[in-house]
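Structure record follows, encoded as C-alpha coordinates.
The values are calculated or read from the model by the stated rules, or taken from the named source; none is laboratory data. What you see is a predicted model, and the numbers here were worked out from it, not measured in a lab. Every residue, glycine among them, receives a Cβ derived from its backbone with ideal geometry; neighbour counts consider all protein chains shown. Each accessible area value is taken on the protein alone, full model and side chains, heavy atoms only, with ligands, DNA and RNA left out. Shrake-Rupley method; radii C 1.70, N 1.55, O 1.52, S 1.80 Å.
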Amino acid sequence: MSKWPVGRAALGHAAPQREGSRAPGHSLRRRPLAAAVAASSLLVVAACSYEPVTPASIAGADQIVLDSAPSSARSIGEYLHFVAKVVDKNGMALTEARLAWSSSDTTVMVSDGYGRFRTTGNGTAAAIVGLLDSPSFPKRVAQVVVRQVPDHILFATDIVVFYARGQSTRVDYRVLDRVGSPVVDTTRHIWLTANPSVAGVDGTGLVSAKGDGEVAIALQVGPVTEFFWARVASTVRFGGCATSSDAGTTKCNKVSFSVSTSR
(Lines give C-alpha, C1' and ligand atoms only; values in the text may rest on other atoms or scores of the structure.)
Protein backbone atom coordinates (compact mmCIF):
# COMPACT_ATOMS: atom_id res chain seq x y z
CA MET A 1 0.00 0.00 0.00
CA SER A 2 1.05 3.59 -0.60
CA LYS A 3 2.26 5.44 2.41
CA TRP A 4 0.16 8.46 1.38
CA PRO A 5 -3.53 8.59 2.57
CA VAL A 6 -6.15 8.45 -0.15
CA GLY A 7 -9.87 9.39 -0.32
CA ARG A 8 -11.89 12.57 0.41
CA ALA A 9 -10.47 12.89 3.91
CA ALA A 10 -6.97 12.89 2.56
CA LEU A 11 -7.83 15.70 0.10
CA GLY A 12 -9.16 17.96 2.90
CA HIS A 13 -12.87 17.29 2.36
CA ALA A 14 -15.03 16.29 5.26
CA ALA A 15 -16.68 12.98 4.87
CA PRO A 16 -20.45 13.12 4.41
CA GLN A 17 -22.43 12.56 7.53
CA ARG A 18 -25.80 10.94 7.96
CA GLU A 19 -28.73 12.98 9.27
CA GLY A 20 -28.51 11.37 12.66
CA SER A 21 -24.82 11.87 13.07
CA ARG A 22 -24.54 15.74 12.74
CA ALA A 23 -22.11 17.35 15.10
CA PRO A 24 -23.73 19.40 17.85
CA GLY A 25 -21.95 22.54 16.77
CA HIS A 26 -23.37 22.33 13.27
CA SER A 27 -26.96 22.31 14.49
CA LEU A 28 -26.36 25.34 16.76
CA ARG A 29 -24.95 27.40 13.91
CA ARG A 30 -28.09 26.96 11.77
CA ARG A 31 -30.67 27.98 14.39
CA PRO A 32 -30.13 31.80 14.23
CA LEU A 33 -30.72 31.81 10.48
CA ALA A 34 -33.96 29.89 10.84
CA ALA A 35 -35.14 32.25 13.57
CA ALA A 36 -34.40 35.30 11.38
CA VAL A 37 -36.38 33.84 8.48
CA ALA A 38 -39.31 33.12 10.75
CA ALA A 39 -39.22 36.65 12.21
CA SER A 40 -39.18 38.24 8.77
CA SER A 41 -42.18 36.16 7.77
CA LEU A 42 -44.08 37.46 10.79
CA LEU A 43 -43.24 41.06 9.83
CA VAL A 44 -44.58 40.54 6.32
CA VAL A 45 -47.82 39.07 7.67
CA ALA A 46 -48.18 41.95 10.13
CA ALA A 47 -47.62 44.53 7.39
CA CYS A 48 -50.23 42.94 5.16
CA SER A 49 -52.84 42.84 7.92
CA TYR A 50 -52.37 46.51 9.06
CA GLU A 51 -55.59 48.55 9.37
CA PRO A 52 -55.78 52.37 9.64
CA VAL A 53 -56.52 53.70 13.11
CA THR A 54 -60.02 55.13 13.41
CA PRO A 55 -61.16 57.70 15.98
CA ALA A 56 -63.20 55.04 17.73
CA SER A 57 -59.98 53.21 18.60
CA ILE A 58 -57.80 56.25 19.36
CA ALA A 59 -56.34 55.71 22.77
CA GLY A 60 -56.55 58.61 25.15
CA ALA A 61 -59.23 60.66 23.34
CA ASP A 62 -60.78 62.86 26.01
CA GLN A 63 -62.90 65.58 24.37
CA ILE A 64 -63.55 67.75 21.32
CA VAL A 65 -62.42 71.36 21.56
CA LEU A 66 -63.78 74.19 19.41
CA ASP A 67 -60.94 76.54 18.47
CA SER A 68 -63.08 78.85 16.32
CA ALA A 69 -66.86 79.19 16.50
CA PRO A 70 -68.76 82.19 15.02
CA SER A 71 -71.85 83.06 17.02
CA SER A 72 -73.77 85.26 14.54
CA ALA A 73 -74.29 86.09 10.88
CA ARG A 74 -75.72 89.21 9.22
CA SER A 75 -76.39 87.90 5.70
CA ILE A 76 -78.14 85.04 3.92
CA GLY A 77 -75.64 83.03 1.88
CA GLU A 78 -72.80 83.99 4.20
CA TYR A 79 -70.17 81.31 4.96
CA LEU A 80 -69.13 80.57 8.54
CA HIS A 81 -65.96 78.63 9.33
CA PHE A 82 -65.58 76.46 12.44
CA VAL A 83 -62.36 74.81 13.67
CA ALA A 84 -62.27 71.91 16.14
CA LYS A 85 -59.88 69.18 17.31
CA VAL A 86 -59.83 66.08 19.49
CA VAL A 87 -57.49 66.21 22.49
CA ASP A 88 -56.32 63.83 25.22
CA LYS A 89 -56.42 64.57 28.95
CA ASN A 90 -53.21 66.59 28.64
CA GLY A 91 -54.69 68.83 25.93
CA MET A 92 -52.59 67.30 23.16
CA ALA A 93 -54.31 67.14 19.77
CA LEU A 94 -54.93 63.70 18.29
CA THR A 95 -54.35 64.27 14.59
CA GLU A 96 -55.74 60.85 13.61
CA ALA A 97 -59.26 61.90 14.62
CA ARG A 98 -61.79 62.56 11.88
CA LEU A 99 -64.63 64.94 12.67
CA ALA A 100 -68.28 64.90 11.60
CA TRP A 101 -70.14 68.23 11.23
CA SER A 102 -73.89 68.86 10.99
CA SER A 103 -76.53 71.55 11.51
CA SER A 104 -79.47 71.35 13.89
CA ASP A 105 -81.68 73.33 11.47
CA THR A 106 -80.98 73.38 7.74
CA THR A 107 -83.50 76.20 7.19
CA VAL A 108 -81.07 78.46 9.07
CA MET A 109 -77.71 77.04 7.95
CA VAL A 110 -76.32 73.97 6.19
CA SER A 111 -72.97 72.17 6.65
CA ASP A 112 -70.54 70.97 4.01
CA GLY A 113 -69.30 68.29 6.44
CA TYR A 114 -65.87 69.86 6.93
CA GLY A 115 -66.53 72.73 9.34
CA ARG A 116 -67.92 75.24 6.84
CA PHE A 117 -71.57 76.36 7.10
CA ARG A 118 -73.69 78.50 4.75
CA THR A 119 -76.59 80.53 6.15
CA THR A 120 -79.96 79.89 4.51
CA GLY A 121 -82.43 81.93 6.56
CA ASN A 122 -83.05 84.01 9.66
CA GLY A 123 -83.20 82.18 12.96
CA THR A 124 -81.09 80.23 15.44
CA ALA A 125 -79.32 76.93 14.76
CA ALA A 126 -76.50 74.88 16.25
CA ALA A 127 -73.30 73.72 14.59
CA ILE A 128 -72.68 70.18 15.88
CA VAL A 129 -69.32 68.38 15.75
CA GLY A 130 -68.59 64.78 16.76
CA LEU A 131 -66.28 61.91 15.88
CA LEU A 132 -66.97 60.42 12.46
CA ASP A 133 -66.54 56.79 13.51
CA SER A 134 -67.76 57.04 17.10
CA PRO A 135 -71.31 58.44 17.30
CA SER A 136 -71.40 57.87 21.06
CA PHE A 137 -68.39 60.12 21.72
CA PRO A 138 -69.49 63.41 23.42
CA LYS A 139 -70.24 66.13 20.84
CA ARG A 140 -69.66 69.87 20.91
CA VAL A 141 -72.39 72.37 20.02
CA ALA A 142 -72.08 76.04 19.01
CA GLN A 143 -75.19 78.23 18.73
CA VAL A 144 -75.44 80.65 15.78
CA VAL A 145 -77.97 83.47 15.40
CA VAL A 146 -78.68 84.58 11.83
CA ARG A 147 -80.28 88.02 11.47
CA GLN A 148 -80.14 89.80 8.13
CA VAL A 149 -79.00 93.41 8.28
CA PRO A 150 -79.60 95.76 5.30
CA ASP A 151 -76.34 96.81 3.69
CA HIS A 152 -77.45 98.83 0.64
CA ILE A 153 -80.50 99.81 -1.43
CA LEU A 154 -80.66 99.60 -5.22
CA PHE A 155 -83.17 101.82 -7.05
CA ALA A 156 -84.34 101.06 -10.58
CA THR A 157 -83.37 104.59 -11.67
CA ASP A 158 -81.34 107.55 -10.44
CA ILE A 159 -83.92 110.17 -11.44
CA VAL A 160 -87.62 110.49 -12.29
CA VAL A 161 -88.93 113.42 -14.33
CA PHE A 162 -92.44 114.88 -14.12
CA TYR A 163 -93.78 117.17 -16.84
CA ALA A 164 -96.93 118.21 -15.01
CA ARG A 165 -97.88 118.97 -11.46
CA GLY A 166 -100.00 116.29 -9.89
CA GLN A 167 -98.26 113.44 -11.68
CA SER A 168 -97.08 110.56 -9.47
CA THR A 169 -95.05 107.34 -9.70
CA ARG A 170 -93.22 104.74 -7.70
CA VAL A 171 -89.62 103.69 -8.20
CA ASP A 172 -88.81 99.99 -7.88
CA TYR A 173 -86.05 99.12 -5.46
CA ARG A 174 -84.36 96.24 -3.64
CA VAL A 175 -82.89 96.12 -0.14
CA LEU A 176 -79.84 93.83 -0.05
CA ASP A 177 -77.55 92.45 2.65
CA ARG A 178 -73.75 92.39 2.55
CA VAL A 179 -73.51 89.41 0.17
CA GLY A 180 -76.26 90.73 -2.11
CA SER A 181 -79.18 88.62 -0.91
CA PRO A 182 -82.62 90.31 -0.71
CA VAL A 183 -83.44 91.28 2.86
CA VAL A 184 -86.53 89.68 4.33
CA ASP A 185 -87.23 92.71 6.46
CA THR A 186 -90.00 93.58 8.87
CA THR A 187 -88.48 96.96 9.73
CA ARG A 188 -90.58 99.96 8.74
CA HIS A 189 -89.38 101.67 5.57
CA ILE A 190 -89.15 105.42 6.06
CA TRP A 191 -89.59 107.71 3.04
CA LEU A 192 -88.41 111.35 3.07
CA THR A 193 -88.38 114.30 0.69
CA ALA A 194 -85.88 117.13 0.85
CA ASN A 195 -88.41 119.69 -0.41
CA PRO A 196 -92.12 118.87 -0.25
CA SER A 197 -93.00 121.97 -2.31
CA VAL A 198 -91.28 120.33 -5.32
CA ALA A 199 -92.18 116.67 -4.79
CA GLY A 200 -93.82 114.79 -1.96
CA VAL A 201 -93.64 111.10 -1.03
CA ASP A 202 -95.99 109.02 1.12
CA GLY A 203 -95.29 106.03 3.35
CA THR A 204 -95.63 103.58 0.46
CA GLY A 205 -93.03 105.31 -1.72
CA LEU A 206 -95.49 107.11 -4.03
CA VAL A 207 -93.79 110.29 -5.31
CA SER A 208 -95.99 113.21 -6.45
CA ALA A 209 -94.99 116.33 -8.37
CA LYS A 210 -95.82 119.61 -6.59
CA GLY A 211 -93.85 122.40 -8.23
CA ASP A 212 -90.96 123.09 -10.57
CA GLY A 213 -87.51 122.10 -9.37
CA GLU A 214 -85.39 119.11 -8.43
CA VAL A 215 -85.41 117.32 -5.10
CA ALA A 216 -83.90 114.25 -3.43
CA ILE A 217 -86.25 111.46 -2.38
CA ALA A 218 -84.72 109.26 0.32
CA LEU A 219 -85.51 105.80 1.71
CA GLN A 220 -84.29 104.63 5.10
CA VAL A 221 -84.28 100.92 5.97
CA GLY A 222 -82.60 100.03 9.25
CA PRO A 223 -79.10 101.55 9.28
CA VAL A 224 -79.07 102.28 5.53
CA THR A 225 -80.31 105.40 3.72
CA GLU A 226 -80.21 105.87 -0.07
CA PHE A 227 -81.86 108.41 -2.38
CA PHE A 228 -82.78 109.23 -5.98
CA TRP A 229 -83.75 112.50 -7.66
CA ALA A 230 -87.18 113.79 -8.65
CA ARG A 231 -87.36 116.59 -11.21
CA VAL A 232 -90.51 118.57 -11.92
CA ALA A 233 -90.56 120.59 -15.17
CA SER A 234 -94.15 121.76 -15.48
CA THR A 235 -93.11 124.92 -17.36
CA VAL A 236 -90.98 124.69 -20.50
CA ARG A 237 -89.01 127.82 -21.30
CA PHE A 238 -87.93 128.79 -24.76
CA GLY A 239 -85.45 131.44 -25.88
CA GLY A 240 -84.42 132.77 -29.29
CA CYS A 241 -83.41 135.69 -31.47
CA ALA A 242 -85.80 137.91 -33.44
CA THR A 243 -83.90 139.45 -36.35
CA SER A 244 -84.57 142.84 -38.00
CA SER A 245 -82.85 144.70 -40.82
CA ASP A 246 -82.00 148.34 -40.48
CA ALA A 247 -79.82 150.22 -42.95
CA GLY A 248 -78.34 147.00 -44.27
CA THR A 249 -77.45 145.54 -40.88
CA THR A 250 -79.04 142.61 -39.05
CA LYS A 251 -79.94 142.92 -35.41
CA CYS A 252 -80.77 140.16 -32.89
CA ASN A 253 -83.42 141.01 -30.37
CA LYS A 254 -83.44 138.36 -27.61
CA VAL A 255 -86.87 137.05 -26.72
CA SER A 256 -88.11 134.34 -24.36
CA PHE A 257 -91.41 132.78 -23.42
CA SER A 258 -92.66 129.83 -21.44
CA VAL A 259 -95.42 127.27 -21.81
CA SER A 260 -97.01 125.54 -18.86
CA THR A 261 -97.48 121.82 -19.28
CA SER A 262 -99.76 121.52 -16.24
CA ARG A 263 -103.50 121.31 -16.77
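Taking label points 7 Å from Cα along the Cα-to-Cβ direction, Leu154 and Ser168 give a separation of 2.8 nm. Here's how it looks for Leu131: its modeled amide H is under 5 Å from those of Ala100, Phe137, which are all 5 or more places away or on a different chain. Residues whose amide H lies under 5 Å from that of Phe162, counting only those 5 or more places away or on a different chain, are Arg231, Val232, Ala233; hydrogens are built 1.01 Å from N in the peptide plane. Applying the Karplus relation 6.51 cos²θ - 1.76 cosθ + 1.60 with θ = phi - 60° to the range 196-208 yields 3J(HN,Hα) values of x, 6, 9, 8, x, 9, 9, x, 9, x, 7, 9, 10 Hz, where x marks Gly and Pro.
Taken along its three principal axes, the alpha carbon spread of the range 151-210 comes to 40, 21, 16 Å, from the longest extent down to the shortest. Counting only other residues whose beta carbon sits under 9 Å from that of Ser234, what net charge do I get with K and R as +1, D and E as -1? Once all neighbours under 9 Å are counted, the net charge is 0. Taking amide H as placed 1.01 Å from N in the peptide plane, Asp212 has its amide H under 5 Å from the amide H of Ser234, each at least 5 places away in sequence or on another chain. Here the Karplus curve 6.51 cos²θ - 1.76 cosθ + 1.60, taken at θ = phi - 60°, turns the phi angles of the range 60-65 into couplings of x, 4, 10, 6, 9, 10 Hz, with x standing for Gly and Pro. Put simply, when 159-171, 76-88 are sorted by average Cβ atoms within 10 angstrom per residue, most first, you get 76-88, 159-171. Annotation: aspartates and glutamates with alpha-carbon distance below 13 angstrom to Lys89 (same-chain offsets under eight excluded): Asp62. Here the range 67-144 exposes an accessible surface that is 49 percent carbon and sulfur, computed with a 1.4 Å probe and the other protein chains kept in place.
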